[in-house]
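Trainee: Before we start, here is the structure in question, set down as structure tokens.
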Amino acid sequence: MIPLAIPNIGQAEAANLQRCVEENFVSTVGAFVTDFEAKVAKLSGTALGAATGSGTQGLHMALRALGVGHGDLVVVPSFTFIASANSISHSGATPWFVDISRHDWTLDPERLSEALRDKTTRTGDGVIHRATGKRVAAIMPVYTLGTPADMDAIGAVAREYGLPVVADAAAAIGVTYKGRPIGQLADLTVYSFNGNKTITSGGGGMIVGREDLVKRARHLTTTARVGRDYDHDEVGFNYRMTNIEAAVGCAQFDRLDEFLAAKKRIRDAYDTAFAGNNEISLFPAPSERGTAYWFSGLVFEGPEPRVVNTLCDRLKELGVEARPFWKPVHRQPPYRDAPAEDLSVTEDLWSRIITLPCSTSLTPEQQATVIAAVRQVLAA
Ligand SMILES: *Cc1c(COP(=O)(O)O)cnc(C)c1O
């Protein structure tokens, strides 16, 4: 079976892990954690990074650092991995779903602006969502497929309403936006190093961005300890990445350029293979912004698009692991009652998508096998 997206682990990772064992630094204190934070922060154009046990924890702590809590609303697209919304729930707040743009699959700044204009009132207590009476506390754009959202436009709306921005950049490491490093586009930006991301630490995440806020987030992730032993100034969390995870992350970081090139090569090969098929449109890669080409796949067009699950079953029989993409969060039981704007792009798009094998270790021969299998299934 040719897998969908698996880690690419080798000798460099093994050597770093061996060092953890020899030096006996395996927990949340260790040189690899601080080194990994420094590497990722520098690449992101920020002074500091705070490494966490997962991307979800990173998003949760970023929201906490900004003071998002019980009774608040956070604007987020429904077209995302459920972790974005879960981080909002973990902080005690509720997601408010706004649609994406068809052009890039990221939060649509015009829909965002309309939602705030039409559904909220500005008071001394902040921006209040009239239907629920809740305070709108932050905006969380998601960098779908590793493509930054239209952050110039979203930043302008955020400033107009005085709202902070936490970017879910889970799969966007290594990307720049109009020549700028992506850690500078939002108040806080969060990466994931889960096993299916471009680089992995086994499991992990990282918060980068405004120095005061990253410091605050790091304080929260390390049990809010102050000064000497066993002094804690608030309810903190035990959410710091371990040295073992960071050892893998550091070795992977040094291979980032190789992996990003592989992701682009894989996307280009699929695009070339399927460009002539008018039943299909290709995954977006807006030319005015960077992208990490995190995932590759196809979008089925037309009034009666292919049933993606059936295609995936047939491909599996041919030895190819293909999968649908994110089922929108507003369709998931825990979020059915969350406030939502018109989500017609999300509703139309999600069931048309099939993701295809795109591990950085995928060989050209394997990819040719995938392409032939897809052609065979589509012709049947
Ligand atoms: C992977 C991912 C996350 C969650 O990261 P974890 O490290 O798995 O907690 C959040 N948002 C998006 C968009 C993701 O793709």
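The values are calculated or read from the model by the stated rules, or taken from the named source; none is laboratory data. Predicted, not measured: the structure shown is a model, and the values here were computed from it. As a convention, Cβ positions derive from the backbone with ideal geometry for all residues, glycine included, and neighbour counts pool all protein chains shown. The protein model used for the area step is the full one, side chains on, heavy atoms only, and it has no ligands, DNA or RNA in it. Shrake-Rupley method; radii C 1.70, N 1.55, O 1.52, S 1.80 Å.
Trainee: Could you tell me which trypsin sites (Lys or Arg not before Pro) in segment 279-380 are loop residues by DSSP with no more than 11 other beta carbons within 10 angstrom of their beta carbon?
Mentor: 336
Trainee: While we're on this one: Can you give the FRET efficiency for residue 363 and residue 310, using 1/(1 + (r/R0)^6), R0 = 22 Å, r = Cβ-Cβ distance, to the nearest 0.05?
Mentor: 0.20
Trainee: How long are the three semi-axes of the equivalent ellipsoid for the chain, computed from the Cα gyration tensor as the root of 5 times each eigenvalue, in whole Å, largest first?
Mentor: Three semi-axes, in Å: 33, 29, 17.
Trainee: What nm distance separates the two modelled labels at residue 70 and residue 156, each placed 7 Å from Cα along Cα→Cβ?
Mentor: 3.9
Trainee: What distance in nm lies between label points placed 7 Å from Cα along the C-beta direction at residue 14 and residue 123?
Mentor: 6.3
Trainee: With springs only between Cα atoms under 10 Å, which of 275, 340, 41 fluctuates most in a Gaussian network model of the chain?
Mentor: 275
Trainee: I would also like to ask the following. Rounded to the nearest whole Å², what accessible area per residue is found for segment 51-129 with the 1.4 Å probe?
Mentor: Value for segment 51-129: 31 Å² per residue.
Trainee: In Å², what does the accessible area per residue of segment 256-379 work out to with a 1.4 Å probe?
Mentor: For segment 256-379, the solvent-accessible area averages 46 Å² per residue.
Trainee: For the chain, which span is the longest to avoid every loop-located (per DSSP) member of GluC sites (Glu not before Pro) having at most 12 other Cβ atoms inside 10 Å?
Mentor: 1-233
Trainee: For segment 101-117, what does the Karplus curve 6.51 cos²θ - 1.76 cosθ + 1.60, with θ = phi - 60°, yield as ³J(HN,Hα) per residue in whole Hz, taken in order and with x for Gly and Pro?
Mentor: So the J values, rounded to whole Hz, are 8, 5, 5, 9, 6, 10, 3, 7, x, 6, 5, 4, 4, 4, 4, 5, 5.
Trainee: Separate question: Considering amide H positions built from the backbone, and no H for Pro or chain starts, which residues 5 or more places from residue 52, or on another chain, come under 5 Å of its amide H?
Mentor: 205, 206, 207, 241
Trainee: OK, next. Where is the GNM fluctuation largest for the chain (alpha-carbon springs, 10 angstrom cutoff): 292, 51, 170?
Mentor: 292
Trainee: Given R₀ = 25 Å, FRET efficiency for residue 281-residue 261 by Cβ-Cβ distance, to 0.05?
Mentor: 0.55
Trainee: Among DSSP bridges having both ends in segment 119-175, what percentage is antiparallel? Round to the nearest 5.
Mentor: Looking only at bridges with both residues in segment 119-175, the antiparallel portion is about 75 percent.
Trainee: State which entries of 178/264; 42/215; 197/327; 42/178; 39/197; 264/327 exceed 21 angstrom in Cα-Cα distance in the structure shown.
Mentor: 264/327
Trainee: So what's the gap between the Cα centers of segment 205-224 and segment 150-199, to the nearest angstrom?
Mentor: Measuring centre to centre over Cα atoms gives 16 Å.
Trainee: Further, regarding this structure: Multiply the residue gap between residue 47 and residue 317 by 0.36 nm, knock off their C-alpha separation, and tell me the result in nm, one decimal place.
Mentor: Gain on stretching residue 47 to residue 317: 92.3 nm.
Trainee: Can I ask one more? Among DSSP beta bridges whose residues both lie in the chain, state the antiparallel percentage, nearest 5.
Mentor: Here the share of antiparallel DSSP bridges comes out near 65 percent.
Trainee: If you don't mind, another one. Taking 0.36 nm per intervening residue step and subtracting the Cα-Cα distance, what contour gain separates residue 196 from residue 211 on full extension?
Mentor: Extra length from residue 196 to residue 211 when fully extended: 2.6 nm.
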